[in-house]
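J.: My questions will all concern the structure given below.
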Amino acid sequence: MAGHIPLSYVGKSSGKKSAEEPLAIRVLLISVALSFLFLFLLLPLLAIFIKAFEQGMGLYIASITDPDALSAIKLTLLVVVLTVPLNALFGIAAAWAITKFDFKGKSILITIIDLPFAISPVIAGLVFVLLFSSHGLFGDFLFEHDIKILFAVPGIVLATLFVTFPFVARELIPLMQSQGSAEEEASLTLGANGWKTFWLVTLPNIKWGLLYGVILCNARAVGEFGAVSVVSGHIRGLTNTMPLHIEILYNEYQFSAAFAVASLMSILAIVTLILKNIVEWKAGEHG
Amino acid sequence: MSIQIKDVSKAFGSFQALQDINLDIETGELVALLGPSGSGKTSLLRIIAGLEASDNGVILFGDEEMTHIRTTERKVGFVFQHYALFKHMTVADNVAYGLKVRSKKERPSKKEIKEKVKELLSLVKLDAFADRYPSQLSGGQRQRVALARALAVEPKVLLLDEPFGALDAKVRKELRRWLRRLHDDFHITSIFVTHDQEEALDVADRIVVMNEGKIEQIGSPEEVYEHPNSPFVYDFLGNVNVFHGRLEDGTWRNGADSLHQQALAYVRPHDVAIERQKSAEDAVQAEIVHIHVVGRTVHVELKQGDTDRFLEAELTKDRYRELDLKPGETVFVRPNQLKVFIPEDYSI
């Protein structure tokens, strides 16, 4: 008797998967999701490009080759070139300290790393104003030595550095925690010193996570508005970054010019997204 | 290279991982540190390797004090439970690593390194896998690569932390036999950590049984198995039956009473004799609960008539047939060999 299953029962179980939703519900859910994506993500992006080319190619080129626009692009690139490598270094150092060593105040350090994410960028900018303005904490010292930080490039770099600090560290801490330190310990017992262990074992293990963090950091460094706006002083051709330049153009009703520069930033963002996906795919491939 | 461990202690916060450990290991010995998890065996191994610092005490390799020498300079080979192979390097690069990272004047030539790697890979029977990555190997193969990598730097001491812990039973057995042969050929002073008593008994020259940060017993596998010096060692090394009894004029009698000193008798299952008739006064009546045959031995589970405690006996197939035992029958059991411990704070 045992072992016999009625045929009709077998037939039933081999039918449709019970987890599958009816067609109507599937269509409804998918169309809701797709229309949301189109309305809120794709349409604005299209609008930027339509607006940018509204008054012809000539004006588009003129807007992005305008000396003020070019200087804003240059300044943005300079800020990126300075902040991204520095934050990559800081991020590695912080993640290394947190994951490979045990010390008091570790949880406080982790919280502080998240601080730039938690507070509004405008407040971050104001902190630098409090520190470096002529009435600020270091104001007298800076005046005496004729160092200009606020309303100059160093201020913009500092503010961007602050705002983009968590990206690399946040990416690396969970990665390095999950990897543990067994490979580093193996390297030490094999006679490699700390420096060689870092270059030959740690860095290759975190490279995709690091690259991912750097890409995110880069995207934010290009687009940062709030903190930079407070410390820059909006001096055209001198302390205007791309987002600030767009705002000025917009406020002066030069919509096509504003959207032309905005389209450049959008292209940069799309490239970043593609790079990010390639890195994710590579990281997944290498485990 | 001999190893001396003198008065080593280590605490992690309020947890005392090791307490005044003293241990001498002779050149060429293969020693097992055996104990349950949390007994401090891995901490001791890591302190010997320099991966952990002891709070006090001294570690000597030969006559050289190692206590404050960094791991990098200790010249130990360390094998990790989860292999710790470099994921992004091929098997050959993993094995070559220890030689490649040496300073220029100590580093062998590229050709020499290549030859050495080839030699080691054939030793661990992985010649064909030189260009593979660790993720493409099985657990047993990975651990063999880890061993080859550790041996490449010609360590004075080989330390293995639960080297077979992550492998399945069959591979584990093969690999530990292989480790034993390897040790017989090379005679590197080796210490391996394990919680598996069978593994320790099978492989080691000497076993150090550890419990709660202290050494319980040091001895040859036979010594610690046949003559455990504490209830813990008895219990940890194989199955054991405990008879609750009393001491009467220096001899142990079954059954506790209020007049005499309480005493526990520890008896290995193969030292429990089963009889149909009561042949001696100390034989205890018991009921057969369950019988199962594993290969050539028969395990019999019994319930003691006087105390309702469960017992386990092991007998040969011949003896089992002779007695013709069946579950539910009442028989008499008698310990052939027992060791008596007076219960203190230790309870089972």
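J.: Against the longest principal axis of chain B, how steep is helix B:110-123, in degrees 0 to 90 to the nearest 10, with axes from Cα atoms?
T.: 20
J.: Can you spot the lysines whose alpha carbon is less than 27 Å from residue B:10's alpha carbon? Ignore those fewer than 8 places along the same chain.
T.: By straight Cα distance, residue B:10 reaches A:100, A:104, A:106, B:41, B:75, B:156, B:214.
J.: Starting from the Cα of residue B:285, step 7 Å along the direction of its Cβ; do the same at residue A:86; then give the gap between the two resulting points in nm.
T.: Between residue B:285 and residue A:86, the label points sit 9.0 nm apart.
J.: To the nearest 0.05, how large is the calculated FRET efficiency for residue B:122 and residue A:278 if R₀ is 41 Å and r is the Cβ-Cβ distance?
T.: 0.55
J.: Only residues of the range A:240-270 count here: report those whose backbone N is under 20 Å from the spot 7 Å along Cα→Cβ of residue A:53, or say none.
T.: A:255-270
J.: Kindly give Rg over Rh for the range A:195-282, based on alpha-carbon atoms, with the Kirkwood expression for the hydrodynamic radius.
T.: 1.16
J.: Give me the percent of the accessible area of the range B:268-338 that comes from carbon and sulfur atoms, probe 1.4 Å, all protein chains in place.
T.: Answer for the range B:268-338: carbon and sulfur cover 44 percent of the accessible area.
J.: Just to confirm the filter: which chymotrypsin sites (Phe, Trp or Tyr not before Pro) across the range A:225-287 are DSSP coil and have at most 16 other Cβ within 10 angstrom of their Cβ?
T.: Loop-located and lightly packed - A:253.
J.: Below 14 Å, Cα to Cα, which aspartates and glutamates can residue B:111 reach? Residues fewer than 8 away in the same chain don't count.
T.: Result set, ordered by chain and number: B:93, B:119.
J.: Distances longer than 21 Å among the Cα atoms of the range B:1-105: what percent of all pairs is that?
T.: 44
J.: If you don't mind, another one. Before I look further, what does the protein assembly as shown give for accessible area per residue, probe 1.4 Å, in whole square angstrom?
T.: 53
J.: If you don't mind, there's one more thing I want to ask. Can you compute the modelled spin-label distance between residue A:24 and residue A:177, with each label point 7 Å from Cα toward Cβ, in nm?
T.: 4.7
J.: So, one more: Kirkwood hydrodynamic radius for the range B:154-262: how many Å is it when counted over pairs of different Cα atoms?
T.: Here the Kirkwood hydrodynamic radius works out to 16.4 Å.
J.: In whole Å and largest first, what semi-axes does the C-alpha gyration tensor of the range B:73-123 yield when each eigenvalue is scaled by 5 and square-rooted?
T.: 19, 15, 11
J.: Considering Cα pairs under 8 angstrom that are at least six residues apart, work out the relative contact order of the range B:3-236 and quote it in whole percent.
T.: For the range B:3-236, the relative contact order is 28 percent.
J.: Here's a follow-up. For residue B:223, what accessible surface area do you get with a 1.4 Å probe? Give it in Å², rounded to 10.
T.: Roll a 1.4 Å probe over it and residue B:223 shows about 90 Å².
J.: Still on this structure: Could you please state how large a percent of the accessible area of the range A:56-285 is carbon and sulfur, counting protein chains only and using a 1.4 Å probe?
T.: Result for the range A:56-285: 72 percent of the exposed heavy-atom area is carbon or sulfur.
J.: Calculate, in nm to one decimal, what residue B:261 and residue B:177 gain on full extension: separation in residues at 0.36 nm each, minus their alpha carbon distance.
T.: 25.7 nm
J.: Between B and A, buried accessible area summed over both sides at probe 1.4 Å, in Å² to the nearest 100?
T.: In total, chains B and A hide about 1700 Å² from solvent.
J.: At a threshold of 8 angstrom on Cα-Cα distance, excluding pairs fewer than six apart, so keeping six or more, what relative contact order does chain A reach in percent?
T.: For chain A, the relative contact order is 30 percent.
J.: Another question about this same structure. When you look at the Cβ of every residue in A:200-213, what mean number of other chain Cβ atoms sits within 10 Å?
T.: Across A:200-213, the average partner-chain Cβ count within 10 Å equals 2.
J.: Next up: I'd like to know how the range B:59-217 sits against the 2.2 N^0.38 Å rule of thumb: what's its Cα Rg over that expected value?
T.: Dividing the Cα radius of gyration by 2.2 N^0.38 Å gives 1.08.
J.: Let me ask another. If you wrap a convex hull around the alpha carbons of the range B:268-338, what volume per residue comes out, as a whole number of Å³?
T.: Output value, Cα hull per residue: 83 Å³.
J.: Across all directions of projection, what mean area in square nanometres is found for the Cα convex hull of the protein assembly as shown?
T.: 48.5
J.: Quick one: grab Rg to one decimal and Dmax as a whole number for chain B, Cα atoms only, in Å.
T.: Expressed in Å, the Cα Rg and Dmax of chain B come to 24.8, 80.
J.: Please list the three semi-axes, largest first and in whole Å, of the ellipsoid equivalent to chain A, using sqrt of 5 times the eigenvalues of its alpha carbon gyration tensor.
T.: The answer is 44, 34, 17 Å, longest axis first.
J.: Going by average Cβ density within 10 Å per residue, which order do the peptides A:52-64, B:186-198 take, highest to lowest?
T.: Put in order of decreasing packing, that is B:186-198, A:52-64.
J.: Note the per residue figure in Å³ for the convex hull of the C-alpha positions in the range A:13-112.
T.: 273
J.: Determine the gain in length on full extension of the stretch residue B:275-residue B:251; use 0.36 nm per residue of separation and subtract their C-alpha separation, reporting nm with one decimal.
T.: Result for the pair: 6.4 nm of gain on full extension.
J.: Taking the Cα centre of each part, how many Å lie between the range A:226-284 and the range B:122-193?
T.: Using only Cα atoms, the two centres lie 56 Å from each other.
J.: List the relative contact order of the range B:268-338 as a percent without decimals, with contacts defined as Cα pairs under 8 Å and 6+ residues apart.
T.: 47
J.: Just to be sure I understand the interface: list residues from the range A:149-192 that lose 40 Å² or more of accessible area between the chain on its own and the complete protein assembly, 1.4 Å probe.
T.: Buried on complex formation: A:183, A:185, A:186, A:188, A:189, A:190.
J.: Apply 1/(1 + (r/R0)^6) to the Cβ-Cβ distance of residue A:238 and residue B:154, taking R0 = 56 Å, and write down the FRET efficiency to the nearest 0.05.
T.: Calculated transfer efficiency: 0.30.
J.: Show me the GluC sites (Glu not before Pro) within the range B:1-53 that DSSP assigns to loop and that have at most 15 other Cβ atoms within 10 Å of their Cβ.
T.: Loop-located and lightly packed - B:26.
J.: How about the range B:258-348: which trypsin sites (Lys or Arg not before Pro) there are in a DSSP loop, with at most 16 other Cβ atoms within 10 Å of their Cβ?
T.: B:276, B:278, B:296, B:309
The values are calculated or read from the model by the stated rules, or taken from the named source; none is laboratory data. Keep in mind that what you see is a predicted model, and the values were worked out from it rather than measured. Note that we place each Cβ from the backbone using ideal geometry, even for glycine, and neighbour counts take in every protein chain shown. Ligands, DNA and RNA are excluded from the accessible area calculation, which covers all protein heavy atoms including side chains. Shrake-Rupley method; radii C 1.70, N 1.55, O 1.52, S 1.80 Å.
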